[in-house]
Structure formats: structure tokens, C-alpha cells
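Input: a single structure, listed below in C-alpha cells.
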Amino acid sequence: MSDKKNVTCIICPVGCRIEVEIENGNILNLSGYRCRRSLQYVKDEVTSPKRILTTTVRLKAKGAHVLPVRTRAPIPKSLLKEAMKELKSVSVAIPVKMGDVVLKDVAGTGVDVVASRSWTE
């Protein structure tokens, strides 16, 4: 028996609502897409959803400052909580520049977490 799922493509501003028919993890049918980029997005979203993780980490500085960080690339959605647990214990010394690696290989994904802004004092 097949299962139907609706996915909104976020690749471009059009936001196609794509209906996906899935059976045993395989895509049987897609409808509602307007371009090839939507096709690839939906295939990835249905089989292996990934997200860019954006959060904050503590700064080793006076006061209660936090530094915005993000992953360099999308990581599997299923590993977001594990990545957040790892980042909870991270404290960054200043100065730090935007793009500096804050945590290597987060949650065993091979993706680094980097600073999203510079902080000098």
C-alpha cells in the first residue's frame, strides 16, 4: 500500500506544493512540481531530509554573551538533537572571526560548525 505526502519546495520563491506517492521508501509518483530543482529537493527531502543548524554557543567573556553559529552544510535532520547536545558544552574564546570553526565534525557528520559573526571584545 502506498502513502501520500505533501512537500512544499523551498528551492525558489514559487513554493510548489508537491504531492509524493511513496511505497516501501521508494517514490512512485510526483505531481505539482514546476522545475527539475524541485524534483531533486523532494527526492532528498523524502529519502534523507537535511537541515542547516543555526543556534548560539557561549562566549568566554564578561557578561552573558552568546555567539551565533551555523553548520557549514546541511546535516541529517535525525542528528539535529545530538548536534545541539554537543554544542551545549561549547564555549568560544574571543576574539573570534566569522567563519572560524567552533566545533569540528558535529555529531559525526563530517560537517563543521562555524561562527556566524565576528566578536572582538
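The values are calculated or read from the model by the stated rules, or taken from the named source; none is laboratory data. Owing to the predicted nature of the structure, the values given are computational and were not obtained by experimental measurement. Virtual Cβ from ideal backbone geometry, glycine too; neighbours counted across all protein chains shown.
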- Only residues that are modelled with pLDDT under 95, of a type in the set (Val, Ile, Thr) and touching an Asp or Glu at 6+ places or on another chain (Cβ under 9 Å): list them for the range 93-121, please. Ile94
- Query: What are the pairs, 6+ residues apart or on separate chains, where a residue within the range 1-17 that is at positive phi has its Cβ under 8 Å from a residue that is part of a loop (DSSP other than H, G, I, E, B)?
  - Reply: Gly15/Cys9
- Considering only residues that are over 19 Å from Ala107 (Cα atoms) and in contact (Cβ under 8 Å) with a residue 40 or more places away in the chain, look in the range 42-74 and name the one that is surrounded by the most Cβ atoms within 10 Å (Cβ to Cβ). Leu67
- Item | Residue selected from the range 75-97 under the condition out of contact with any Phe, Trp or Tyr (no Cβ under 9 Å at 6 or more places or on another chain) and outside any helix (DSSP H, G or I), by the criterion surrounded by the most Cβ atoms within 10 Å (Cβ to Cβ) | Ile75
